[in-house]
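Mind looking over this structure? Questions follow.
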Amino acid sequence: MIIQVEHLSKSFDYYKKELGLKNSIKNLFHREKLTKAAVREISFEIAEGEMIGFLGPNGAGKTTTLKMLSGILHPTSGQAHVLGYVPWERKKAFKMQFAIVMGQKAQLWWDLPANESLYLNKCIYEVEDKAYQSTLAELTELLDVKDLLNVQVRRLSLGERMKMELIAALIHRPKLIFLDEPTIGLDILSQKKIREFLKYYNQQRHATIVLTSHYMADVENLCKRAIIINQGQIVFEGDLHRVNDLFAQSKIIKLQLSNTVTHADLAAFGEVRELTGLNATLQVPRTQVKEISKAILDQLPVIDFNIEDVPVEEGIALLFQRREAGHALA
Amino acid sequence: MRNLLRELKKHFLIYILFVKNSIMAQMEYRFNFIGNLAMESGYLLVKLSYVMVVYRSNVTINGLTPDAILLFIGTFVALTGVYAGMFMINMYGLRNKIKDGDLDIILTKPVSVQFMATLRQVDLGLFSVDVIAGAVMVIIAWNRLGIPVTFLTIGGYLGFIALSCVVSYCLFLLPQILSFWLMNTSAIAEITDSFWDFNNMPMDIYTNWIKQIGVFVLPIFVITNFPPMFALGKMPPAYMAWALVLPFILLAVVRAAWSKGLRSYSSASS
């Protein structure tokens, strides 16, 4: 296992301030210290060459986990071994083998062309000239940014900049890559290009990739396994498409009709999720799909018929809701 | 030992790149760059006029002639260039890096985090004007005082300048390290920064007990007084020993404080 995490927790201290100047003055003399548990007792393992996704809402603890695994933060308690090292000991040999890309944080020099920052990274990671030239040529070719190497970073688009950030992070060919929201704010084409690149890189180099993202498509397209985290705890770990197995097993039936029908006509077969003109979507129990399908085809003017799983996003949303409800009751 | 030398060489090469990148980044904005050079050249002339002031006023401080005073002032001006152009610019940025979580990426790099966070930027304008002006003053004073130009005097003077650079780096970095716990230390930094100006005249203008505090307790006087004192042959043995020990003590204190601070680094939510 390239990453082993056992009961890892991280808490942050903070304080609250009520509205207004009076409370600011009060705060000068007394502050009530509060503690937020950002990550709570999480444990998991990641194998070499795996591409794993961390999913979760804002403030779930995804980035904090990544920061602990990359040695940026010390945990409050628990243990982790990454590439055989304790990350927060920040050993040089450990740092030489991994890279982190944070969608919201840049490492390129803003006022200089990207090639100057890339060369600096070459020296920082002690990359040989020949290896540097070949890696640079390969990565710029793959990400289609060869012509932009000499352009000032501040003049690049967000997508181009993120591609350069990726190159800067990969110039030393790391075994392990942490990607924190690498596609945040990018247009669909740039997102797709970066996804394709990551997939290719993972396959070619057998690099382990740990990815956090708000975009379901990132994780769905790239990762066989996902860890879903909410309120600092792991709520699901495994194949993303099995999230729905946790619930009451529903199926979605999508219909295209030749004549209009009423809401009541459809409700006889299951829960009506959508009815717009000649298109309708029904949610039905998985165990009764066969019978209900037969009845729909017999009784409604159907010209097209599709049975689908409940979208993964909805399963995850249900997962979060269930967790939050649990907390509210606790 | 071989590893240590290898690491030192690597850090030196990276520092050269930092300097190069800083200068190139400033050059990207041509008008601003040339404007700054013109403005700093004006300052250079103003600073060089200090020479006239010293001789016109013809003051003597505790037996120090105007030539000797010029040696002190020249050293102060040159070291101000080093401090402002190489250290201050990074130290002011450090508290924002800590507050905004911008140490994150630096922490993952296989080089000294302290090195990268505190020496990454260089301001050529601030550095060059003061260093040139200071060097001119020192050379004039050196000649007029008739100090022999030997390996011992020049080497010793430059050696003390190097030690002064280490002392100033450590002394002014320490208050900034408090940012790891306090987040915003601008007030403390402004107070400690104002201590720098205690050096703009020889420490002999102060009473004895202030001198001893400034040398041994808050060793601000060590920075710009010791190199000229050595060149003038006015360095008591106790000061000599202190000058050789102090940089190592301060480096050890800074390293310990830095490591402790870094443990408290809480980044910032993204």
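Could you tell me whether A:L83 is in the same structural domain as A:Y200 (by TED's automatic domain parsing), open to solvent by less than 10 Å² (accessible area, probe 1.4 Å) and modelled with pLDDT of 95 or more?
Working: in the same structural domain as A:Y200 (by TED's automatic domain parsing): yes; open to solvent by less than 10 Å² (accessible area, probe 1.4 Å): no; modelled with pLDDT of 95 or more: yes.
Here the answer is no, as A:L83 does not meet what is asked.
For residues in segment A:168-214 being at positive phi and charged (D, E, K, R), which is farthest from the chain's Cα centre (by Cα)?
First, pick out the residues of segment A:168-214 that are at positive phi: A:173, A:181, A:185, A:206.
In the following step, the residues that additionally are charged (D, E, K, R) were identified as A:173, A:181.
Details: A:R173: 22, A:E181: 6 Å.
Selected residue: A:R173.
Could you name every one of the helices (runs of 4 or more DSSP H) located completely within segment B:76-123 that has at least 2 residues being more than 14 Å from every other protein chain (Cβ to nearest Cβ)?
Details: elements: B:89-100, B:104-107, B:113-118.
The qualifying helices (runs of 4 or more DSSP H) are B:89-100.
Look at A:F29 and say whether it is modelled with pLDDT under 85 and in the same structural domain as A:L83 (by TED's automatic domain parsing). Before the answer, list the steps.
Working: modelled with pLDDT under 85: yes; in the same structural domain as A:L83 (by TED's automatic domain parsing): yes.
Yes: the conditions hold for A:F29.
Of the residues in segment B:1-49, how many are charged (D, E, K, R), within 11 Å of chain A (Cβ to nearest Cβ) and either over 30 Å from A:A93 (Cα atoms) or in contact with a Cys (Cβ under 6 Å, 6 or more places away or on another chain) (or both)?
Result for segment B:1-49: 1.
I'd like to check something: does segment B:216-230 contain any residue that is more than 17 Å from the chain's Cα centre (by Cα) and more than 29 Å from B:Q114 (Cα to Cα)?
To start, the set of residues in segment B:216-230 that are more than 17 Å from the chain's Cα centre (by Cα) comprises B:216-217, B:229-230.
Among the residues that remain, those that are also more than 29 Å from B:Q114 (Cα to Cα) are: B:229-230.
Yes.
Going by what's in this entry, would A:L73 be described as touching a helix residue (DSSP H, G or I) at 6+ places or on another chain (Cβ under 9 Å), under 23 Å from A:S11 (Cα atoms) and either within 11 Å of another protein chain (Cβ to nearest Cβ) or assigned to a loop (DSSP other than H, G, I, E, B) (or both)? Step through it out loud before you land on a result.
On the way: touching a helix residue (DSSP H, G or I) at 6+ places or on another chain (Cβ under 9 Å): yes; under 23 Å from A:S11 (Cα atoms): yes; either within 11 Å of another protein chain (Cβ to nearest Cβ) or assigned to a loop (DSSP other than H, G, I, E, B) (or both): yes.
Taking the combined requirement at face value, the residue satisfies it.
Name every residue in segment A:101-113 that is under 26 Å from A:T63 (Cα atoms) and either surrounded by 20 or more Cβ atoms within 10 Å (Cβ to Cβ) or more than 7 Å from chain B (Cβ to nearest Cβ) (or both), in order of residue number. Step through it out loud before you land on a result.
First, pick out the residues of segment A:101-113 that are under 26 Å from A:T63 (Cα atoms): A:101-110.
Of everything in segment A:101-113, those that are under 26 Å from A:T63 (Cα atoms) and either surrounded by 20 or more Cβ atoms within 10 Å (Cβ to Cβ) or more than 7 Å from chain B (Cβ to nearest Cβ) (or both) turn out to be A:V101, A:M102, A:G103, A:A106, A:Q107, A:L108, A:W109, A:W110.
Related question: Quickly run through segment A:181-213 and pick out the residues that are assigned to a loop (DSSP other than H, G, I, E, B) and touching a residue at least 60 places away in the same chain (Cβ under 8 Å).
Of all residues in segment A:181-213, those assigned to a loop (DSSP other than H, G, I, E, B) come to A:181-187, A:206-207, A:213.
Residues satisfying the conditions are A:E181, A:P182, A:T183, A:I184, A:G185, A:H206, A:A207, A:S213.
Then there is this: Tell me the strands (runs of 3 or more DSSP E) entirely within segment A:1-68 that contain at least 1 residues that are more than 14 Å from every other protein chain (Cβ to nearest Cβ), on the phi > 0 side of the Ramachandran plot and not polar (S, T, N, Q).
Details: elements: A:3-14, A:34-46, A:51-55.
Once the strands (runs of 3 or more DSSP E) in segment A:1-68 are filtered for at least 1 residues that are more than 14 Å from every other protein chain (Cβ to nearest Cβ), on the phi > 0 side of the Ramachandran plot and not polar (S, T, N, Q), what remains is A:3-14, A:34-46.
Could you say whether any residue in segment A:134-142 is within 12 Å of chain B (Cβ to nearest Cβ) and either of a type in the set (G, A, S) or more than 23 Å from B:N96 (Cβ to Cβ) (or both)?
Taking segment A:134-142 and keeping what is within 12 Å of chain B (Cβ to nearest Cβ), we get none.
No: segment A:134-142 contains no residue that is within 12 Å of chain B (Cβ to nearest Cβ) and either of a type in the set (G, A, S) or more than 23 Å from B:N96 (Cβ to Cβ) (or both).
Right, next: Filter segment A:267-299 for residues that are touching a helix residue (DSSP H, G or I) at 6+ places or on another chain (Cβ under 7 Å), assigned to a strand (DSSP E or B) and open to solvent by 20 Å² or more (accessible area, probe 1.4 Å) and give the result.
Step one: filter segment A:267-299 for residues touching a helix residue (DSSP H, G or I) at 6+ places or on another chain (Cβ under 7 Å), giving A:269-270, A:272, A:275, A:280, A:282, A:284.
Checking the rest, the ones that are also assigned to a strand (DSSP E or B) come to A:272, A:275, A:280, A:282, A:284.
A:V272, A:L275 - these are the residues of segment A:267-299 that are touching a helix residue (DSSP H, G or I) at 6+ places or on another chain (Cβ under 7 Å), assigned to a strand (DSSP E or B) and open to solvent by 20 Å² or more (accessible area, probe 1.4 Å).
The values are calculated or read from the model by the stated rules, or taken from the named source; none is laboratory data. Everything quoted here is computed from the prediction, not taken from an experiment. When we count neighbours, we look across all protein chains shown, and the Cβ atoms used for this are built from the backbone with ideal geometry, even at glycine. The accessibility values were calculated without ligands, DNA or RNA, using every heavy atom of the protein model including side chains. Shrake-Rupley method; radii C 1.70, N 1.55, O 1.52, S 1.80 Å.
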